[in-house]
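S.K.: Can you keep this structure in mind? I'll have questions shortly.
Rule-based calculations on the coordinates, nothing more; no lab input. No experiment lies behind these values; they were computed from the predicted model shown. Here the Cβ positions follow ideal geometry from the backbone for every residue, glycine too, while neighbour counts run over all protein chains shown.
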Amino acid sequence: MTNRFQVSQTEPHRVPSYISSLYKGFYMNKGWADFLDADWFATLSTFGFYSKLKRSLLEHIKPKSWTLMVGNSYGWLVKDIAAKVGDKGLFEVIDAVPIQAESAGEKLSPWPHFKSIVKDIEHYHPSKKYDTIVCYFLLHEMPDKKKKRVMKNIASLLALNGRAVFIDYGTASKYHPLKYLLRAYNNIFEPFADSLFKTGIKDFMDDDNLHFVTKTFFGGLYQKTIMTIKKG
Ligand SMILES: C[S@@+](CC[C@H](N)C(=O)[O-])C[C@H]1O[C@@H](n2cnc3c(N)ncnc32)[C@H](O)[C@@H]1O
C-alpha cells in the first residue's frame with residue numbers, strides 16, 4: 001500500500017485475531033478510530049495521567065535517534081515523539097491494522113522521511129536496529145504467549161545501547177480504589193490486561209541477557225518498564 005503519507009505494506013497482511021475480535025470497533029472502524037484518536041480520550045482513559053505518562057516516555061526519546069513506535073496511539077503522542085527525534089533522526093510507527101498505520105502516517109506527514117508500516121511487530125525483522133522502541137499501552141491488549149513473543153522480537157531489534165520503553169497497566173496495591181473497577185472493566189473488554197495487574201512486565205521474559213527497570217505511577221496502576229540488553 002502506498003498513499004500520500006509514507007505507509008508501507010510489502011506483503012499480504014492479516015490482522016491478529018485478538019485485535020479483530022476485541023478491538024474491531026476501536027481500531028478497525030475508521031469513524032470511531034478517528035473520533036477516539038484524540039488527547040481528550042487518551043486523558044480520560046488514563047484517569048488524567050496521560051500528560052504525566054507522556055512526559056515520562058518522552059524523557060527517553062533522543063534527538064537524532066532511530067526510534068520505533070509499536071502501535072499507533074491516541075492523541076498527539078506520535079507527533080510529539082517525531083518532533084523530539086527531529087529531522088536528523090529516523091522515526092517509524094508499525095501497526096498491525098492498516099487504518100491505524102494510515103492514521104500514524106497522517107500524523108507523520110510533516111516529516112516526509114518518517115513512515116508508518118503495516119505489520120505485526122512479532123514478524124518484523126528489518127536489517128536495521130533501533131535506539132529506542134516505544135510500546136505505549138500495547139502489551140495489555142495481547143494474549144500472554146503473544147506478549148512474550150513480541151517482547152522477544154523487540155529485544156532483537158534493539159541496538160547495543162538501545163532501550164525498549166513499555167508503558168502499561170501495573171500491579172497496583174490491593175487497596176487502590178480503582179484497581180478492582182478497572183479489572184472488572186478489563187475482564188469484559190480487555191481480558192488480556194489482567195496478567196499485568198498480577199505480574200511485572202519483566203516476568204514475561206526469561207532471558208538473563210536483558211535488564212529491566214520499572215517505575216510506577218498512580219499508586220502502581222500504571223508502570224513504565226525499561227528493557228535494555230546487559231553489557232559484556
Ligand atoms: C499501541 S496500542 C495504543 C492504544 C491505546 N489504547 C492508547 O492509549 O493509545 C494500540 C495499537 O497497537 C496496535 N497493535 C496491537 N497489536 C499489535 C501488533 N502485534 N503489532 C503491531 N501493532 C499492534 C493496534 O492495532 C492499535 O492501533
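S.K.: Trypsin sites (Lys or Arg not before Pro) within the stretch 194-232: which are DSSP loop residues with at most 14 other Cβ atoms inside 10 Å?
M.R.: Values: sites: Lys198, Lys202, Lys215, Lys224, Lys230, Lys231; in loops: Lys198, Lys230, Lys231.
Answer by residue number: Lys198, Lys230, Lys231.
S.K.: Something else now. Applying 1/(1 + (r/R0)^6) with R0 = 41 Å to the Cβ-Cβ distance of Leu160 and Phe35, what FRET efficiency is obtained, to the nearest 0.05?
M.R.: Rounded to the nearest 0.05, the efficiency is 0.50.
S.K.: Taking amide H positions as placed 1.01 Å from N in the peptide plane, with prolines and chain starts having none, which residues 5 or more places from Ser8, or on another chain, fall under 5 Å of its amide H?
M.R.: It is Ser116, Ile117, Val118, by chain and number.
S.K.: Let me ask something else. Just to be sure I understand: with springs between alpha-carbon atoms less than 10 Å apart, which residue in Asp207, Asp34, Asp194 has the highest mean-square fluctuation in the Gaussian network model of the chain?
M.R.: Greatest mean-square fluctuation among the candidates belongs to Asp207.
S.K.: Arranged by the count of other C-beta atoms within 10 angstrom, fewest first, what order do Ile61, Ile167 take?
M.R.: Ile61, Ile167
S.K.: Right, something else. Amide H to amide H, which residues 5 or more places from Arg163 or on other chains are under 5 Å from it, using H placed in the peptide plane?
M.R.: Thr132, Ile133
S.K.: Whole number please: convex hull volume per residue of the Cα set in the stretch 138-232, in Å³?
M.R.: On the way: hull volume 8.1 nm³, N = 95.
Per residue, the Cα convex hull of the stretch 138-232 comes to 85 Å³.
S.K.: Here is a follow-up. Compute the label zone of Lys52 within the stretch 209-232: residues whose backbone N is under 19 Å from the point 7 Å along Cα-to-Cβ.
M.R.: What the label zone holds, given the 19 Å backbone N cut-off, is 214-226.
S.K.: Hand me the trypsin sites (Lys or Arg not before Pro) from the stretch 103-140 located in a DSSP loop with no more than 14 other Cβ atoms within 10 Å, in residue order please.
M.R.: Lys128, Lys129
S.K.: So which GluC sites (Glu not before Pro) in the stretch 52-127 pass both tests, a DSSP loop state and at most 16 other Cβ atoms within 10 Å of the Cβ? Write out the running numbers ahead of the final one.
M.R.: Details: sites: Glu59, Glu92, Glu102, Glu106, Glu122; in loops: Glu59.
When the GluC sites (Glu not before Pro) of the stretch 52-127 are filtered for loop state and at most 16 Cβ neighbours within 10 Å, Glu59 remain.
S.K.: Oh, and also: Please compute the contact order of the stretch 7-229 in relative form: average sequence separation of alpha-carbon pairs under 8 Å and at least six residues apart, divided by the residue count, as a percent.
M.R.: For the stretch 7-229, the relative contact order is 18 percent.
S.K.: Something else: Dipole of the stretch 7-229 (Lys/Arg Cβ +1, Asp/Glu Cβ -1, origin at the Cα centre): which of Asn209, Phe35, Leu108 lies farthest to the positive side?
M.R.: Checking the options against the dipole of the stretch 7-229, the answer is Asn209.
S.K.: Counting pairs on different chains as well as pairs 8 or more places apart, how many Lys pairs in the stretch 49-109 have Cα atoms under 16 Å apart?
M.R.: Total qualifying Lys-Lys pairs in the stretch 49-109 comes to 12.
S.K.: Here is a further query. Comparing Gly162, Gly219, Gly31, which has the greatest mean-square fluctuation in the GNM of the chain with Cα pairs linked when under 10 Å apart?
M.R.: Of Gly162, Gly219, Gly31, the Gaussian network model singles out Gly31 as fluctuating most.
S.K.: Additional query: In a Debye calculation with equal point scatterers on the alpha-carbon sites of the stretch 116-155 and no solvent, what is log10 I(q)/I(0) at q = 0.28 Å⁻¹?
M.R.: Debye intensities relative to I(0), on a log10 scale: -1.21.
S.K.: What list of ³J(HN,Hα) values in whole Hz, one per residue of the stretch 87-103 in order, does the Karplus curve 6.51 cos²θ - 1.76 cosθ + 1.60 (θ = phi - 60°) give from phi, with Gly and Pro shown as x?
M.R.: Calculated HN-Hα couplings, in order: 5, 8, x, 10, 9, 10, 10, 10, 9, 7, 10, x, 4, 6, 5, 5, 4 Hz.
S.K.: Give the calculated FRET efficiency between Asp207 and His123 to the nearest 0.05, with a Förster radius of 22 Å applied to their Cβ-Cβ distance.
M.R.: E between Asp207 and His123, to the nearest 0.05, is 0.65.
S.K.: Taking only DSSP H segments of four or more residues, each worth -39500 (n - 2.57), what value at 222 nm results for the chain once the sum is divided by all its residues, to the nearest 500 deg cm²/dmol?
M.R.: -8500 deg cm²/dmol
S.K.: In angstroms, what radius of gyration and Dmax does the stretch 7-229 have, counting Cα atoms only?
M.R.: 16.4, 49
S.K.: Then there's this: Under a point spin-label approximation (7 Å from Cα along Cα-to-Cβ), what is the Thr216-Ala83 distance to one decimal in nm?
M.R.: Each label point is offset 7 Å from its Cα along the Cβ direction, giving 3.3 nm.
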